[in-house]
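K.L.:
The structure under discussion is supplied below as structure tokens; questions concerning it will follow.
The values are calculated or read from the model by the stated rules, or taken from the named source; none is laboratory data. Predicted model, so just to flag it, every value in this text is computed and none were measured. Here the Cβ positions follow ideal geometry from the backbone for every residue, glycine too, while neighbour counts run over all protein chains shown. In case anyone asks, the SASA skips ligands and DNA or RNA and just uses the protein heavy atoms, side chains included. Shrake-Rupley method; radii C 1.70, N 1.55, O 1.52, S 1.80 Å.
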Amino acid sequence: MNNLKKIEKRILKNPDEPASQVFRELVKALDQKSSFSLATIYDLDYDDFQLALDVLKDWRLDRYAKTRERLKAIPDLQ
């Protein structure tokens, strides 16, 4: 499963969880090319921290053909 899909599932499964908020902020910042404080990912547990880093790597490599459309489909990003 790709990293963006993992984040999407986490947000949908546990929308009120603090990690979900961090993930929403991260993908929103990537989508809108706005600032994001990397310090916020330090509060995540190791697996979530690694997932956030993987999303950043994937975004940088532009591996997602339709990333912007998928990001906009995640709740609270419209």
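K.L.:
Output the qualifying pairs, or none if there are none: Cβ atoms under 7 angstrom, residues six or more apart or on different chains, first residue in the range 19-46 and over 16 Å from W59 (Cβ atoms), second residue among the basic types (K, R) and at pLDDT below 95.
P.N.:
Listed by first residue and then by second, the contacts come to A19/R10; S20/R10.
K.L.:
Here is a further query. So in the range 52-78, with the set limited to residues that are acidic (D, E) and open to solvent by less than 60 Å² (accessible area, probe 1.4 Å), which one is modelled with the highest pLDDT?
P.N.:
Checking each candidate, the answer is D54.
K.L.:
Still on this structure, please answer the following. Out of all the residues in the range 38-51, which are within 15 Å of E17 (Cα to Cα) and either open to solvent by 100 Å² or more (accessible area, probe 1.4 Å) or under 11 Å from the mean Cα position of the chain (by Cα) (or both)?
P.N.:
Matches in the range 38-51: I41, D43, D47, D48, F49.
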